[in-house]
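The values are calculated or read from the model by the stated rules, or taken from the named source; none is laboratory data. This structure is a prediction, so every number in the text was calculated from the model and none was measured. For neighbour counting, all protein chains shown are included, and Cβ atoms are generated from backbone atoms with ideal geometry for every residue, glycine included.
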C-alpha cells in the first residue's frame, strides 16, 4: 500500500479508502490509485479485507466422505447455495472419525469461516460451543448434533424403514433380516429402530441372528448376508441400511440360488436397470444439503430464534426386488 | 492481543512471540500468556497468523461438478493428500462454464490459497499468469491448460478410445457410432480423435450420421442414439464418450429390440451387475487426483524445473456389452 500511495502521489488513508470503496474520494483520485495498483500488479487480498469487515464470506462443510454417492449431491447443493450468497466453500471428509471431524471443524473456525454445515461423525459437539457463541453459524445435517442444541436438517430414518419393512411384510415375508451400518452412527440406530418397530407392529419376532450392525466393508456385508441366508431359519427378505450395503447385497444375491427380497435405504443410480430393479427408501441428498445451507444463510442474515429441526421424509420406490414373495 | 497482554502483565511483543511460538520467552511467561488467552476465550485466527508467514496452508480445487461420480473420488483423493500436508481444501464446481471457472479460481487466489488444482472448463488460462507469477502453484488435471504452459496430469483419452473401438472392430463391427460430449471440451475432442484414428486404422468409413457431439443431457443422448439406430445404415455398435452418456445409452438400449454392442469411456459402479455387463475404458479418477495433488505439494515444497506433463493410461474392461456381435 505504501508503494501504491507513493506512485499515485496520495496518502495511505486515501489508498485504503479506494480499496475499501469508501466515500470521500474524487473520481480522479480513484483513477490515479487504480492505475498505480494496476501498474504495480497489486493482488487484492480478500483475507485481510474481509477480516476487517468481520466476515470472510466462506463456509465450511464437513461430511463423511466426499466420494460417497450420497454425499456428492449434498455437497454440490450446499455449494450452489453458498455461491448464490457469494460465499466460498471449504470441504472435508471426517471418514466417520470423530477426532477428524473435530480437527476439520476447528481448522475451519481458525480460518474464520462464517458458518459451518456438519454431517456429524461425533456424538458430542460441546467442543463447538465456544465457536458458536463467538458467532459461527452452525447447521447439522443428516444426523443430529450431540450434547448440544443446534439447527438440524434430518431425514425421518425410522419412518422410512418402517415403510420399507411393512412393504416386505405385505408381500408375505415373516423372516426379515436387517443389515445396517455401525451402531454409533445415529442414522444406523434410527433405521434399526424403524425395523424393530415395523416387526413389532406386524407381531413378528426378531431373531438375534437376523440383525447385523457394523462396517459397510464388502467382506463383512458378504459374510453376514451369507450367514443370514444359511442356518435353520434363513431370512427370506432383507432390509439393508444404506447405499454402500445395498451395492454389496445386490452382488451377493446375484450369485445366490434362490430369489431373496431386498429393500435398501437410499436410492442409487441404475437401481432401475438391474434385474430385478432394486426397491428403495429414497431420500433426497440434494434437498438435505440445500435445506441446511438455506437455513445457515438465514442465520447469517440475522434470523434469530431457537434452533430449528427440519425433518424430511423418505419414500418407497418399488422396482421389483422388494416385491419378490418368500420362496422358502 | 492488548487484552491478553494486559491480563498477563506482559508486553504486546511477548504475546506475539508466544502466539507465533518464537524463541526467547520463558516457560513461566508462556504459561501466563496462555492462561490469559484461555481466560479471555481468545480464538486463534489462522488467517492473520498464516498471512504473516506468507502461507495459508490451503489449496483450491475447481472441477466440473462435485456431484459427478467421476469427480467425487478425484476430490476425495486431493483432499487426502492435502490433509497429509496439513492443508485445507476449498472446492468449487465450474459447471463447465469458463466464466465461472475463472471467477472461482480468482476468488480462491484472493483468499490467498497456496496452490490450485484445476479441471479446466476454459480453454484460455492466461488470466492465471499473474497469480502463478506471484507464486500460486497450479496443476491442471483431467484436461490441459489453455494458452499457457503448466503442470498437467491427464489420461491418454485418444489411446483409450482407440483400444475400445478396435475391440468392437475385432468383434466384427463395421458400422460403429460415436456419441460424445460437447466439442469445446478437450477430453471430448481427444476421444473423438481416438475414434477416427481407430476407424481409419481398420480402413472403415465414418458416416457423418454416426458421430454426435453435444450436451450429455438424457434427452439429447436418447434422440441421437435413436437416430443412429434407425435409417438405412444403422450402427451395430457404439462407443460413448463418458459415464453420463453411458448411463443414458444403457437405458435406451435396454428398451431397444435388437442387441447393440456398447463400450463406454469411464467405469462406473454396478457396471458389472447389469445384463449384459457394460464394457468400458476405465480410467482412475482417484489416481488422477492423487497424482495432481502430489505434484502440487512437490512444487509447494520447492521443486523447481519446467512444467511436468503426466499422462495416465486407461484400460479396457470387457464385461459383455462390448463383445456382442453385429446383428444386422
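Side notes on the structure shown:
- Between A:173, A:184, the distinction of being surrounded by 13 or more Cβ atoms within 10 Å (Cβ to Cβ) and touching a strand residue (DSSP E or B) at 6+ places or on another chain (Cβ under 6 Å) belongs to A:173 only.
- Residue count for the range A:91-113 under the criterion of being surrounded by fewer than 23 Cβ atoms within 10 Å (Cβ to Cβ), in contact with a strand residue (DSSP E or B) (Cβ under 7 Å, 6 or more places away or on another chain) and either in a strand (DSSP E or B) or more than 7 Å from chain B (Cβ to nearest Cβ) (or both): the result is 1.
- Number of residues in the range A:114-144 that are away from chain B (no Cβ under 14 Å) and either within 18 Å of residue A:59 (Cβ to Cβ) or in a strand (DSSP E or B) (or both) equals 11.
- Failed item in (1) at pLDDT below 95; (2) more than 30 Å from residue B:90 (Cβ to Cβ), with residue B:269 passing the rest: (2)
- Condition check for residue A:130: out of contact with any helix residue (DSSP H, G or I) (no Cβ under 7 Å at 6 or more places or on another chain) and either surrounded by fewer than 24 Cβ atoms within 10 Å (Cβ to Cβ) or in contact (Cβ under 8 Å) with a residue 40 or more places away in the chain (or both): yes
- The residues on offer are B:287, B:316, B:296, and the sole one that is assigned to a helix (DSSP H, G or I), over 18 Å from residue B:236 (Cα atoms), in contact with a strand residue (DSSP E or B) (Cβ under 8 Å, 6 or more places away or on another chain) and away from chain A (no Cβ under 14 Å) is B:296.
- Tallying residues that are out of contact with any strand residue (DSSP E or B) (no Cβ under 7 Å at 6 or more places or on another chain), crowded, with 18+ Cβ neighbours inside 10 Å and farther than 16 Å from residue A:71 by Cα within the range A:81-90 yields 1.
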